[in-house]
1. Does region 1-70 classify as rounded, prolate or oblate by the C-alpha gyration tensor (a ≥ b ≥ c root eigenvalues; a/c under 1.5 gives rounded; else a/b over b/c gives prolate, otherwise oblate)?
2. Going by how many other Cβ atoms sit within 10 Å of their own, how do 125, 1, 104 line up, fewest first?
3. Separation of region 59-79 and region 1-54 by C-alpha centroid, Å?
4. State which entries of 56/117; 12/53; 31/127; 33/71; 24/91 exceed 19 angstrom in Cα-Cα distance in the structure shown.
5. For a quick check, take a GNM of the chain with Cα springs below 10 Å and name the residue from 54, 32, 68 with the largest mean-square fluctuation.
6. In deg cm²/dmol and to the nearest 500, what is the mean residue ellipticity at 222 nm of the chain if only DSSP H runs of at least 4 residues count, each as -39500 (n - 2.57), divided by the residue total?
7. Among 60, 50, 111, which comes first, then next, by fewest other beta-carbon atoms within 10 Å?
8. Does region 55-99 come out rounded, prolate or oblate, given a ≥ b ≥ c as the square roots of the eigenvalues of its C-alpha gyration tensor, rounded meaning a/c under 1.5 and, failing that, prolate meaning a/b above b/c?
Amino acid sequence: MITFNFQDVLLKLNKKQLTKVWLKEVISAAKYKTGDINYIFCNDDFLSELNIKYLKHNTLTDIITFDYSEKNTISGDIYISIERVSENAHKYNKTFDEELHRVMAHGILHLTGLNDKTDEERNFMRKREEECLALFYE
């Protein structure tokens with residue numbers, strides 16, 4: 001089950017049901033089953049606290065993913081900073097919704113085992129994000 005939660009942010013999430021269907025398609029296309037996936041939309045301060053506490057990183061980020069997957073079923077908590085999404089949308093000349101969907105897909109891709117630590121991994125992750133977005137925007 002995919003749920004959307006809001007932590008100290010005002011966000012009108014457009015097309016909730018369509019977004020859930022799309023996310024399940026992304027998961028299925030990666031050959032996984034959908035478990036319990038919680039999206040938590042928050043602000044920079046909240047996400048920064050998690051970043052410091054759990055990952056020991058003192059930097060701003062747009063997403064943190066906690067993976068609880070078992071075998072072929074992906075589950076996890078995906079925290080997304082709405083402030084980072086908004087800033088990145090402006091920076092990369094995308095709509096807010098496009099950037100939000102990219103980051104949402106990014107979290108799912110992490111749950112499927114993809115990483116983005118090296119340049120090669122980042123390039124592959126970006127390619128997969130684009131493929132995921134094509135499923136939503138085609």
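1. Details: a/c = 2.67, a/b = 1.43, b/c = 1.86.
Oblate, because a/c is 1.5 or more while a/b does not exceed b/c.
2. Numbers: 125 18, 1 9, 104 27.
Ordered from fewest to most neighbouring Cβ atoms within 10 Å, 125, 1, 104 come out as 1, 125, 104.
3. 9 Å
4. Numbers: 56/117 15 Å; 12/53 28 Å; 31/127 17 Å; 33/71 9 Å; 24/91 29 Å.
In this structure, 12/53; 24/91 exceed 19 Å between Cα atoms.
5. 54
6. Working: 5 runs with 71 residues, N = 138.
Helices in the chain give a 222 nm mean residue ellipticity of -16500 deg cm²/dmol.
7. Details: 60 14, 50 18, 111 24.
Ascending number of Cβ neighbours within 10 Å: 60, 50, 111.
8. Values: a/c = 3.80, a/b = 1.68, b/c = 2.26.
Oblate, since a/c reaches 1.5 and b/c is not below a/b.
Since every read-out is calculated from the coordinates, none of them should be taken as a lab result. Please read these numbers as outputs of a predicted model, since none were measured by experiment. With ideal geometry, Cβ positions are generated from the backbone for all residues, glycine too; neighbour counts draw on all protein chains shown.
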